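Structure first, then comments.
The values are calculated or read from the model by the stated rules, or taken from the named source; none is laboratory data. This structure is a prediction, so every number in the text was calculated from the model and none was measured. Cβ: placed from backbone, ideal geometry, glycine included. Neighbour counts: every protein chain shown.
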Amino acid sequence: MDEPPTFSISQARESLDDEMHHRMKRYLISMSVRTVCFILAVVLHGWLRWTMAAAAIVLPYVAVVMANAGPRRGVRAASAYSPEVKAIGGGAVHRIGPEPHE
C-alpha cells in the first residue's frame with residue numbers, strides 16, 4: 001500500500017504582520033520605560049536623578065536598534081503533518097506514519 005506524503009512545516013517563517021506587531025510592541029514598551037525614567041529624573045534627587053536622566057537619553061537609541069533588528073531567529077521544534085487515512089472495512093481511522101508530537 002502506498003503511504004501518503006508527510007509534509008514538514010518546521011521551516012515556516014513568521015508572517016510579516018506578526019513580525020511587525022512584535023517590533024512595535026518592543027518599541028512601545030521601551031518608550032514607556034523611557035517616559036517613566038524621564039518622570040523619575042524630574043522627581044528624584046541625587047544620583048538617582050542622573051541615573052534616570054541617562055536612561056531616558058540612552059533608551060531611544062536602544063529602542064530604535066531593537067525595532068529595526070531583523071526577524072527573530074528562534075529555533076522551532078520540527079513537526080510533521082500526517083493525514084489520517086480510513087481503513088477499508090472496519091470504518092476505524094488509522095494513522096499511517098509517526099504519531100504526532102504534542
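Going residue by residue through segment 7-15, is there one that turns out to be at pLDDT 80 or above, surrounded by 11 or more Cβ atoms within 10 Å (Cβ to Cβ) and either under 20 Å from residue 68 (Cβ atoms) or small (Gly, Ala, Ser) (or both)?
The answer is no; no qualifying residue exists.
Any chance you could count how many residues in segment 37-54 are surrounded by 14 or more Cβ atoms within 10 Å (Cβ to Cβ), out of contact with any Cys (no Cβ under 8 Å at 6 or more places or on another chain) and assigned to a helix (DSSP H, G or I)?
The qualifying residues number 6.
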